[in-house]
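Working notes, structure below.
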Amino acid sequence: MKPARFEYHSPTTVDEAVALLATFGDDAKVLAGGQSLVPMLALRLTRFAHLIDLNRIPTLQFITQSGEWLSIGAMTRQAAAEHDALVASTAPLIAKAIPHIGHFQIRNRGTMGGSIAHADPASELPAVALALDAEVELLGPDGARRVHAGEFFLSMWETAATAEEIVVAVHFPVAIARSGFGFAEMALRLGDFAITGAACALTLGASGAVERAAIALMGMDATPIRGSDAEMALLGATPDTIDFGEIAAIAVEATNPTDDVHASARYRATVGAVMVERALRSAIEEATRG
């Protein structure tokens, strides 16, 4: 199949892109890497009268650190972040998760901001953003604002961004000492969309007990979701006293997985717990070494 007819726009500045969105509103869609949008357009699962391509805006491609924040421009390719030394040292969970995204050809074109804005609940980067308490920077006619990842993802493919706003950057807190990170997912085949998965981030205090815990699950609800009760159960625990199976079971209790052609809700819950346990073990091991 071919996409329905649309008018193509290729702005060269962020302000021009925002002005186009303000003009066309809900009739327009932003094109970033196109690895999700283009197939949907081709299959006519969605259609828009106007397509606004951000690929000619160089100011949206960057990876920088300012104090306690690592900032990644929305049009930064996933492959660039995957192999970036600054990302690996300041936000290791990003580097751990990106290799699970499709194949390398996908990551060469896919963008950091595009994946976040697409808000697929089974996607890797939204779960990472949630686990790391990232902030998504939006720009619209009324200026810029930053939205915490926990408030950004509203439902499947729906975010807190208005029709006139674009994602311009994602800001991740820089990892501190004695932190550990783990990521695990299950897909039917290498490069396929994940059935379910988990991203974990932990910090140990001076006593060796868990001081901060974050468990984000993907593919288990209409958005990536935090295992808040499991996180609370981890606080104050030492690595040698953690019952990983129990924590994983608690993490999936509050989720709402669905049945589809790929897996049943029951299967997702069972495998999801396994993914939490694997990611959590990796995070604990890394934090202990640090």
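All of the numbers you see were taken from the coordinates with simple rules; none came from a lab. All figures in this text were calculated on a predicted structure; none of them were measured in a lab. Virtual Cβ from ideal backbone geometry, glycine too; neighbours counted across all protein chains shown.
Per the Cauchy relation, a quarter of the hull surface: what is the mean projected area of the convex hull of the alpha carbons in region 152-290, in nm²?
Taking the Cα atoms of region 152-290, their convex hull projects to 9.5 nm² on average.
What is the fewest-to-most order of His103, His50 by other Cβ atoms lying within 10 Å of their Cβ?
Ascending Cβ contact count within 10 Å gives the list His103, His50.
Would you list the P(r) distribution for region 7-53, with all Cα-Cα distances sorted into 5 Å bins from 0 and each bin expressed as a whole %?
Binned Cα distances yield the sequence 5, 23, 32, 23, 13, 4, 0.
When the chain is treated as a GNM, springs tying every alpha-carbon pair under 10 Å, which of Ala279, Ala237, Ala222 comes out with the largest mean-square fluctuation?
Highest fluctuation of the listed residues: Ala237.
Contact order normalised by length for region 58-173, with contacts defined as Cα pairs under 8 Å and 6 or more residues apart; what percent is it?
Value for region 58-173: 28 percent.
Each residue of region 140-153 in order: what ³J(HN,Hα) in whole Hz does its phi give by Karplus 6.51 cos²θ - 1.76 cosθ + 1.60, θ = phi - 60°, with x for Gly and Pro?
So the Karplus estimates, Gly and Pro as x, are x, x, 8, x, 9, 8, 10, 10, 4, 4, x, 10, 7, 8 Hz.
In 5 Å bins starting at 0, how do the alpha-carbon pair distances of region 137-198 split up by percent?
Distribution as computed: 4, 13, 16, 15, 17, 18, 12, 5, 1 percent.
Report the Rg/Rh value for the chain, based on alpha-carbon coordinates and the Kirkwood definition of Rh.
On the way: Rg = 19.0 Å, Rh = 19.4 Å.
Using Cα coordinates only, the ratio equals 0.98.
Plugging the Kirkwood radius over Cα pairs into Stokes-Einstein for region 1-123, at a temperature of 10 °C and a viscosity of 1.306 mPa s, what D comes out in µm²/s?
103
Distances longer than 17 Å among the Cα atoms of region 58-173: what percent of all pairs is that?
Counting every Cα pair in region 58-173, those more than 17 Å apart make up 49 percent.
Please state the equivalent ellipsoid semi-axes for region 86-239: what are the square roots of 5 times the Cα gyration tensor eigenvalues, largest first, in whole Å?
25, 19, 15
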